[in-house]
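The values are calculated or read from the model by the stated rules, or taken from the named source; none is laboratory data. As the structure is a prediction and not an experimental result, all values here were calculated from the model. Every residue, glycine among them, receives a Cβ derived from its backbone with ideal geometry; neighbour counts consider all protein chains shown.
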Amino acid sequence: MDIVVIIFLTSGLFLGWALGANHLGNIFGTAVGTRMIRFSTAAAICSVFVILGAVFSGGGTSETIGKLGPVNTLAGAFMVALAAAIAVWIMTRAALPVSTTHAIVGAIVGWNVFSATWTDIDSLIKIMIGWILGPILAAVFAIALFYLTARLLRIVKPHMLFLDAYTRLGLILAGAFGAYSLGANNIANVVGVFIPASPFVEFQVAGLFTVSPAQQLFLLGGIAIAVGVYTYSAKVVHTIGQGLYTLSPVSAWVVVMAHSLVLFLFASEGLERLLAHVGLPTIPLVPISSSEVIVGAVLGVAMVKGRHHIRWGMLGRIGVGWAMTPALAGIACFVGLFVLQNVFNQVVYDSARYQFTPAAIERLAHAGLPRAVLDRLNGQSFYSSAQLESDVASSALARRDIAQLIEAARLDPVKVQPLRLGPKEYARLTAGQIHAVYKLAGQSFPHRWLFAEALARESADWRPGPDPVLDKARNRALRDHIDTLARLFREN
């Protein structure tokens with residue numbers, strides 16, 4: 001691997017380190033603060049399970065981060081992750097639990113502004129709704145768990161020694177669950193921006209299972225989080241443990257369990273599929289703020305036990321840190337991109353052109369967009385998605401319609417040249433998929449979506465599933481394959 005690639009990846013590892021340094025307190029701060037678990041034990045458990053969660057369940061939330069801003073070069077991803085890490089590190093130095101989600105979202109928006117890229121407002125709103133719902137759900141879960149636990153203890157009346165042992169075990173299990181959920185939910189914050197420009201390639205382990213490029217990034221990010229847990233998390237652990245509200249050992253278990261459940265709800269693709277299978281509404285898979293969730297859980301317990309014990313000054317400091325983080329990360333990213341581009345001559349974004357070709361106009365008309373708007377755009381070209389958005393701003397189009405315009409008009413010319421297929425492509429693709437590629441040999445497509453539609457006409461193996469949830473894994477794999485072929489067959 002090129003040394004430049006390794007250097008660019010270091011910012012993601014730095015962000016992972018900062019997340020680990022800041023977020024152990026969210027999982028085990030209450031347990032350590034009540035002296036039920038030693039710091040070293042908490043760090044070991046967290047390190048193992050955060051890596052497992054990142055590798056095996058980290059794919060769900062990374063899609064949402066990818067939609068927010070298509071950071072499409074390694075240099076750009078480097079600066080986005082570095083700006084977010086700097087914001088998190090500054091807050092960690094102040095011993096404040098800070099939201100890595102706030103930091104990465106602010107940094108991505110900073111990249112969008114610098115590169116004149118349209119920000120997907122729907123994805124941003126979805127993430128911000130998660131920021132609001134997360135602490136509210138945590139408070140509700142904490143209140144419910146507190147009452148259920150108190151009632152159970154009144155019925156069972158365990159001896160003090162047994163209660164102490166059960167509480168310690170419960171804190172360890174809940175903390176392990178929380179660390180797994182943290183890895184699954186927040187790994188997108190650490191390395192999600194690197195996925196579109198990932199330098200890794202898929203490989204098989206002893207013919208037993210396949211490790212995707214994204215999973216390799218998730219593993220690196222998980223290891224970086226584990227290093228952060230061990231090296232710099234003690235101060236924040238004590239802030240959460242006793243800085244906001246003094247908790248009993250049983251209350252600490254309630255808080256950790258409520259926090260873990262909320263993170264799991266917003267990260268589990270298995271739960272999403274189960275809800276969709278039985279016809280229930282699904283929960284959006286978005287990276288939510290672990291810091292907000294733990295504070296919501298603590299406040300839920302505090303509301304039950306007595307609000308006058310809440311340290312409102314500390315809560316105010318935490319709130320100020322949350323508000324400052326995205327702005328700080330966004331400004332740092334914009335300035336850093338300027339320096340990286342103009343001082344170090346690095347390509348921080350891959351410029352895209354947008355042209356309303358006859359095929360694009362036909363697709364948009366079929367989707368039901370206003371004919372008057374399409375007639376005006378027919379044949380026009382734009383040099384950025386932000387310029388395109390500005391041009392149609394007076395047309396009173398919905399955000400979804402603007403997103404369709406941008407997707408349909410984006411130029412990504414492909415000329416199918418099957419001889420460029422290598423052993424890795426033959427190993428990944430089915431016989432039907434490879435046959436479809438050969439049937440399109442020599443053909444050119446101005447848009448990537450046109451290429452995907454042509455492949456789907458040639459083979460059912462290239463056709464996406466109709467259900468956006470139940471067929472998510474298949475459709476994601478198809479998109480990855482098409483992205484690989486588009487890079488391989490790209491026309492300059």
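Quick one: is His447 surrounded by 16 or more Cβ atoms within 10 Å (Cβ to Cβ) and modelled with pLDDT under 95? Don't jump to the end; show me each part of the working.
Working: surrounded by 16 or more Cβ atoms within 10 Å (Cβ to Cβ): yes; modelled with pLDDT under 95: no.
No: the conditions fail for His447.
For region 374-390, which residues satisfy the criterion of being among the acidic types (Asp, Glu) and modelled with pLDDT under 95?
Within region 374-390, the subset among the acidic types (Asp, Glu) is 375, 389.
Matches in region 374-390: Glu389 only.
Among the residues of region 275-289, write down those that are aliphatic (A, V, I, L, M) and buried (at least 24 other Cβ atoms within 10 Å of the Cβ).
Across region 275-289, the qualifying residues are Leu285, Val286, Ile288.
More than 27 Å from the chain's Cα centre (by Cα), aliphatic (A, V, I, L, M) and modelled with pLDDT of 95 or more, is that true of Ile331? Before you say what the answer is, go through the steps one by one.
Values: more than 27 Å from the chain's Cα centre (by Cα): no; aliphatic (A, V, I, L, M): yes; modelled with pLDDT of 95 or more: yes.
Criteria not met by Ile331.
In this structure, is Val105 among the hydrophobic types (A, V, I, L, M, F, W, C), under 18 Å from the mean Cα position of the chain (by Cα), closer than 24 Å to Gly175 by Cβ and crowded, with 24+ Cβ neighbours inside 10 Å? If you could, list the steps in order and put the result at the bottom.
Working: among the hydrophobic types (A, V, I, L, M, F, W, C): yes; under 18 Å from the mean Cα position of the chain (by Cα): yes; closer than 24 Å to Gly175 by Cβ: no; crowded, with 24+ Cβ neighbours inside 10 Å: yes.
In short, no.
State yes or no: is Ala456 outside any loop (DSSP other than H, G, I, E, B) and in contact with a Ser or Thr (Cβ under 7 Å, 6 or more places away or on another chain)? Don't jump to the end; show me each part of the working.
Working: outside any loop (DSSP other than H, G, I, E, B): yes; in contact with a Ser or Thr (Cβ under 7 Å, 6 or more places away or on another chain): no.
No: the conditions fail for Ala456.
Which of (1) farther than 19 Å from Ala184 by Cβ; (2) in a helix (DSSP H, G or I); (3) modelled with pLDDT of 80 or more is the odd one out, the single condition Val71 does not satisfy?
(2)
Pull up region 398-444, narrow it to residues that are crowded, with 17+ Cβ neighbours inside 10 Å and acidic (Asp, Glu), then point me to the one that is nearest to Asn378 (Cα to Cα).
Filtering region 398-444 for residues that are crowded, with 17+ Cβ neighbours inside 10 Å and acidic (Asp, Glu), the one nearest to Asn378 (Cα to Cα) comes out as Asp401.
Asp480 fails exactly one of the following numbered conditions: (1) charged (D, E, K, R); (2) within 24 Å of Arg353 (Cα to Cα); (3) free of Cβ contacts under 8 Å to residues at least 40 places away in the same chain. What is the number of that condition?
Condition (3) is where Asp480 drops out.
Here's the yes/no breakdown for (1) crowded, with 19+ Cβ neighbours inside 10 Å; (2) modelled with pLDDT of 90 or more; (3) among the small types (Gly, Ala, Ser):
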residue: Phe209; (1), (2), (3): no, no, no
residue: Ala258; (1), (2), (3): yes, yes, yes
residue: Arg273; (1), (2), (3): no, yes, no
residue: Ser291; (1), (2), (3): yes, no, yes
residue: Val298; (1), (2), (3): yes, no, no
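Residues in region 460-477 that are surrounded by 18 or more Cβ atoms within 10 Å (Cβ to Cβ) and at pLDDT 95 or above: how many?
1
Quick check: anything in region 167-175 surrounded by fewer than 19 Cβ atoms within 10 Å (Cβ to Cβ) and in a loop (DSSP other than H, G, I, E, B)?
Checked region 167-175: no residue is surrounded by fewer than 19 Cβ atoms within 10 Å (Cβ to Cβ) and in a loop (DSSP other than H, G, I, E, B).
Of the conditions (1) in contact (Cβ under 8 Å) with a residue 12 or more places away in the chain; (2) part of a helix (DSSP H, G or I); (3) more than 26 Å from Phe209 (Cα to Cα); (4) not β-branched (Val, Ile, Thr), Ala54 fails just one. Which one is it?
Tallying (1) in contact (Cβ under 8 Å) with a residue 12 or more places away in the chain; (2) part of a helix (DSSP H, G or I); (3) more than 26 Å from Phe209 (Cα to Cα); (4) not β-branched (Val, Ile, Thr), Ala54 fails exactly one: (3).
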